[in-house]
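Heads up, the thing below is written out as structure tokens.
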Amino acid sequence: MTSRWAVAYREGMLLPALRHPVVGAPMAGGVSTPALVAAVGEAGGLGQLAAGYLDVPTVAEQVAAVRSTTTAPFVVNVFVAETLDEATEGPAVAEFARRLAPVAERLGAEVPHPRWDDTDHYAEKVDLLADLAVPVVSFTFGCPSAADVDRLHAVGTVVVVTVTTPGEAAAAAAVEADALCVQGHEAGGHRGVWDRRAEPSPLTHLDLLPLVRAVSDLPLVAAGAIASADDTRAALAAGAVAVQVGTALLLADEAGTRPAHRRALAESGRRSTTTRSFSGRVGRGLTNTWTRELGDAPATFPVVDQLTKPLRAAAGRADDAEHVNLWAGTAWRDARPGPAGDVVRRLSPVRVDLS
Ligand SMILES: Cc1cc2nc3c(=O)[nH]c(=O)nc-3n(C[C@H](O)[C@H](O)[C@H](O)COP(=O)(O)O)c2cc1C
């Protein structure tokens, strides 16, 4: 099944291969549970595990949990790592750590010492996923090497790369990626921009799709603020074969979204903003005390993420929505609670007649 589906994907046939052209976004930090991934797949969409921040045994456990629940194909998403230079980036990080100190004290947490060799176990995760021959692996924050793509292809795995500019799209096509996830400015969570220091493109997925199509004929999956079947239709009309949705699934029954995050999504007083203050990378979420007080941070991902993690964990334990990242896209007001399968069907332009 896996390989037949893989061939369909490689031949640009993703749309006919899925009952609904709806891909569940990988949402690291506990949102994308195996139950959510399986529910999206069972409904006829394509679910996606988030391997980011997890250790390798946990990724293996989550893959096994999905496989024990469903035979539907699924994706595992991996962060592409980069080597950081402590000598050049250390001073700005130390200054940010000093700004975090009073917030940490208030939360009863401590700012840890940074680890400059943190690769998020990138190489080990690629090894594991090749061993497990998972149906699809997607990458964000950069481009896998052609050798890594070859290894995954050799076991029948389809490779998707997240892009935010036509230049990234051309480079992903050059390493023989099978499909591109085209992420717009309106998308929730981290922007997948490859150069963490660059200011991400302000273009939406609808702006980006024709620009990416001009440099690549790969199947395109559109991501950013998809909140209705009409949004999906518009993305398909603009050249996508499917949409990738995160925020629309945040309130799903099967999602691991924390209670404070769920509550915040129902509060009308918040606004959507982009900030580097949680991790060093630009991410889109809802405003809270943290985004207002800390404003900016050095672009030193994942070191900034390490520094803020114990603070956010303490806030999470205290059910405090003001000091956690409330990742969400610009269509956050349209997120609704309920089974993930209902979200997939609501966002799909395909009507399945069960009578
Ligand atoms: C809570 C949350 C966590 C996310 N984590 C990841 C991740 O681990 N990897 C990734 O490639 N994208 C991640 N994203 C971005 C999604 O892949 C996708 O681009 C985005 O959700 C689409 O916009 P939308 O949220 O408006 O639907 C995350 C998004 C959210 C909302």
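The values are calculated or read from the model by the stated rules, or taken from the named source; none is laboratory data. What you see is a predicted model; the values in this text were computed from it and never measured. Positions of Cβ are generated from backbone atoms using ideal geometry, with glycine treated the same way; all protein chains shown enter the neighbour counts. Calculation scope for accessible area: heavy atoms of the full protein, side chains included, ligands and nucleic acids excluded. Shrake-Rupley method; radii C 1.70, N 1.55, O 1.52, S 1.80 Å.
Brief remarks on what is shown
- Being open to solvent by 10 Å² or more (accessible area, probe 1.4 Å), within 13 Å of the ligand (Cβ to nearest atom), at negative phi and acidic (D, E) is a condition met by no residue of region 211-224.
- Qualifying residue in region 100-109 (condition: among the aliphatic types (A, V, I, L, M), part of a loop (DSSP other than H, G, I, E, B) and touching a Pro at 6+ places or on another chain (Cβ under 9 Å)): yes
- D342 vs. criteria open to solvent by 20 Å² or more (accessible area, probe 1.4 Å), among the charged types (D, E, K, R) and in the same structural domain as L203 (by TED's automatic domain parsing): yes
- Checked across region 132-142, the condition of being closer than 30 Å to R67 by Cβ and either surrounded by fewer than 18 Cβ atoms within 10 Å (Cβ to Cβ) or acidic (D, E) (or both) holds for at least one residue.
- R233 being out of contact with any Leu (no Cβ under 6 Å at 6 or more places or on another chain), under 30 Å from V111 (Cβ atoms) and of a type in the set (D, E, K, R): no
- Contacts under 9 angstrom Cβ, first residue in region 173-200 being not assigned by TED's automatic domain parsing to the domain that holds G224 and assigned to a loop (DSSP other than H, G, I, E, B), partner crowded, with 24+ Cβ neighbours inside 10 Å and at pLDDT below 95, 6 or more apart: none
- Any helices (runs of 4 or more DSSP H) falling wholly within region 8-97 and containing at least 2 residues that are open to solvent by less than 30 Å² (accessible area, probe 1.4 Å): 34-42, 56-69
- Checking each residue in region 235-244 for being part of a helix (DSSP H, G or I) and either under 18 Å from the mean Cα position of the chain (by Cα) or within 14 Å of the ligand (Cβ to nearest atom) (or both) picks out only A235.
- Selection count where residues are in a helix (DSSP H, G or I) and more than 16 Å from the ligand (Cβ to nearest atom), scope region 324-341: 1
- L249 vs. criteria within 12 Å of the ligand (Cβ to nearest atom) and under 20 Å from the mean Cα position of the chain (by Cα): yes
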